[in-house]
Amino acid sequence: MRPPYDSLRFRLIAVAVVGAAVSLVLAGLVIAGIFRERLVDQFRQDLQVHLTELSSIAQVDGDGHPMLRQPLPDPRFQAFGSNYWQIEREGHPTVRSPSLAERSLSGAFATGPEPRNGESDGPRGRVLEYGRTLSLPDGGPPLRLSLGSELSVLAGLLSSSNQMVTRALLVLGLVLVGGGAAQIFYGLRPLDRLGQAIAEMRGGGQAPNPETFPSEIRPLIHDLGSLLHANAEIVQRARVEAGNLAHGLRTPLAIVMDEADRLARTGRQESSDSLLEQCARMQKQIDYHMARSRAAGALRTPGLTTSVKSAIEPILSAMQRLHGSRGVVFQPDRDSDLALACDPQDFAEIASALLDNAGKWARSTVRISWSPSGENALIAIDDDGPGLPPTLRERAFAIGERLDETVAGSGLGLAIARDLARLYGGSVGLSDAVGGAGLRATITLPMLDAR
Amino acid sequence: MRLCLIEDDEELARRLAEGLGAAGFVVEHAYDAETALAWPEPESFSALIVDLGLPGVGGLDLVAQWRLRRLSTPILVLTARDGWQEKVAGLNAGADDFVVKPARTEEIVARLHALFRRTSGQRGPHLQAGDVSLDPAARAAWLAGGEPLNLTQIEFRLLLFFLHRAGRIVSQRELLDHLYPLSRERDQNTVEVHVARLRRKIGHAAITTVRGLGYRFER
């Protein structure tokens, strides 16, 4: 189970979420702070205004008792309200707001003509209290004005404002993360397409067109195409090298063999036989390993495709030339065509080996047919020769096994054909020919994915 | 039987010529395709052996050119490249059979004889006409009664050629070409001498002299 941070998408979304969270939290704190300041300011202002108002309507009656010229209309000063006022005068009864009822404010801030304020204990809890003194023309003690407002009200306002901000920012956060995720998914889609294109290439398709990808990925696609090309060139070079090596070794080997023949003619039969035997072994090894190294299938170079019909044609005409003088006719199935996911040279090698085999053994006819079977193509070669008993069929594929020394051949054809087919995940099999005597050789190879 | 070997590797050509000569063939040798194409009367050869690995105008082109000129002489190609690609190409260019290098002279000789049988309509591996039978692979010949024939190399060549052309007239000139390579000093008279010697061994009636035209081996 791979860790989640293995995924690009996960990483990008995680960064987006963390980034959004951090910035939204910071934003929230800042906004909440700003709101708090404003609310507190307004709270204070409100009290200040009321103090001013109270100052203008406070007076004394005929006895010097403090009284209001007119009532303060703010409903918060009424019974059960959250705002309070009181006017004190030394030696006189205190006048207070209906909201105070029997209780009182501390009056600690009504100490001078300049308004002072601070927190104090109110009738129901902590209050913000404003106070000042007011001198009167009659010369008596000054009026002591006090105003208070429940701080719990402020707290409530603050809390609801915070809640509002939090909710708003949460929604914003979800929108941001959702938008970010959508962006990321959309943005990374070309990578998904890239993955698909590579899978297609492995299945035998061509390299993707760079123009269909965004500019950041285009160089990668170009490189991929170049890599494919380079691979194909490696295969080609390997082929040429292998061919050159074969050419280089064969002539010396021919010379040694002729020397061995000469030895035989001078009476040194044993030496000759021994040399020839070893030469035959060397030749087999060269043949076998040359054939294997040439196989393009080993590299699974993508993009290679073979048309069965066009590949078979020249081989059939060559086989007709080779075996036709014995009266053998090669009959192909001409109607359909199949596209194989393999190198044309490799297919030609497999088909040639089997067709030559069929041509050698056939009495009069070799039939070639092909058809799709699932993801593979089946190419069948039927000859009307003596056939091969099932018990000997596996031996026919063994290197160096020549089941009949009278017919020319190196004994490698079937083995190499099967090896080549296997490199593509396919196979070569032998069975009874359809319609009577003879042998059927079947080649199974993958077909090109049609997309 | 007269062969033309087109092979650029001198060493290999020398050895092949030697081996083929010992098997009863007269071998002419060209080192490249241009020389071979310029060779007069290529149809006078019993077969042509072409190395597909020739430089310059390659072996394939040579074969194709000859077939374009309507040459029907059997062509055997030598391939060094492993795999079927070169063989198929050689066959489609007009070759009749191929031999993979390294090849023993015996194998080339056997393929050649198989080609001759194809063209002359002979069915089995032994050649037979009149009272004479010949096994080219074993280099042996014998009379109808089973009596083996003791022949010199030249006589064997002569008999081989006659058997492939049994029933047809062959000129002295043709016989000369098929007995001796061009590089040797040749004399028309030697043909007469060798025919006479052969007659002594297989019976005078086996070969008829056709005045002015040549000889005919009777079926």
key: Summed side-chain charge close to B:LEU151 - residues other than B:LEU151 whose Cβ falls under 13 Å, Lys, Arg +1, Asp, Glu -1   = +3
ask   = By DSSP, what percent of the beta bridges with both residues in chain B are antiparallel, rounded to the nearest 5?
value = 45
task = Among DSSP beta bridges whose residues both lie in chain A, state the antiparallel percentage, nearest 5.
result = 95
ask   = So what is the relative contact order for the range A:57-210, in percent, with contacts set as C-alpha pairs under 8 Å and at least six apart?
value = 15
query = If the chain between A:ALA199 and A:SER431 were fully stretched, how many nm would it gain, using 0.36 nm times the residue separation less the Cα-Cα distance?
reply = 80.0 nm
key: Three-way shape label, the range A:1-98, alpha-carbon gyration tensor, a/c 1.5   = prolate
Chain A: equivalent-ellipsoid semi-axes (sqrt of 5 x gyration tensor eigenvalues, Cα, Å) = 111, 22, 16
note = Taking only C-alpha positions in the range A:12-157, Rg and Dmax in angstrom work out to 20.5, 81
request  = Determine the distance separating the Cα centre of the range A:112-158 from the Cα centre of the range A:173-203; give it in Å without decimals.
outcome  = 65
ask   = Rg (Å, one decimal) plus Dmax (Å, integer) for the alpha carbons of the range A:306-446?
value = 13.9, 40
ask   = For chain B, what class follows from the C-alpha gyration tensor (a ≥ b ≥ c being the square roots of its eigenvalues): rounded when a/c is under 1.5, otherwise prolate if a/b is larger than b/c, else oblate?
value = prolate
query = Going 7 Å from the Cα of A:ARG124 toward and past its Cβ, which residues in the range A:152-169 have a backbone nitrogen under 15 Å from where you end up?
reply = A:152-157
message = Helix A:218-265 against the longest principal axis of chain A: what's the angle in degrees, Cα atoms only, rounded to the nearest 10?
response = 20
request  = Determine the relative contact order of the range A:220-299: mean sequence separation of Cα pairs under 8 Å and six or more apart, normalised by residue count, in whole percent.
outcome  = 39
message = With the crude spin-label approximation of a point 7 Å out along Cα→Cβ, what separation in nm comes out for A:SER7 versus B:GLU218?
response = 10.0
key: Difference of contour (0.36 nm per residue) and Cα-Cα distance, A:ARG36 to A:ALA79   = 12.7 nm
request  = Please grab the % of Cα pairs in the range B:61-103 that end up more than 13 Å from each other.
outcome  = 48
inquiry  = Can you give the local net charge around A:VAL165? Use residues other than it whose beta-carbon is closer than 13 angstrom to its beta-carbon, Lys and Arg +1, Asp and Glu -1.
reply    = +3
query = aspartates and glutamates within cross-link reach of A:LYS360: Cα-Cα under 16 Å, excluding same-chain residues under 8 positions apart?
reply = A:ASP382, A:ASP383, A:ASP384, A:ASP404, A:GLU405, B:ASP96, B:ASP97
query = In whole Å, how far is the Cα centre of the range B:1-16 from that of the range A:301-378?
reply = 34
Loop-located trypsin sites (Lys or Arg not before Pro) in the range A:302-389 whose Cβ has at most 12 other Cβ within 10 Å (DSSP) = A:ARG334
task = Measure nothing but the geometry: give the 0 to 90° angle between the long axis through the Cα atoms of A:151-202 and the longest principal axis through the Cα atoms of chain A, rounded to 10°.
result = 10
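Can you tell me the relative contact order of chain A? Whole percent, Cα pairs under 8 Å, sequence separation 6 or more.
About 10 percent, as a whole number.
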task = Just the number, please: Stokes-Einstein D of the range A:336-388 in µm²/s, Kirkwood Rh from C-alpha pairs, 25 °C, 0.890 mPa s.
result = 202
inquiry  = Modelling each spin label as a point 7 Å along the Cα-to-Cβ direction, I'd like the A:ALA27/B:HIS204 distance in nm, to one decimal.
reply    = 12.9
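Only the coordinates and a few stated rules stand behind these numbers; no lab work does. Every value quoted in this text rests on a predicted model; they were computed, and no experiment measured them. FYI the Cβ positions are ideal-geometry reconstructions off the backbone, even for glycines, and counts take in every protein chain you see.
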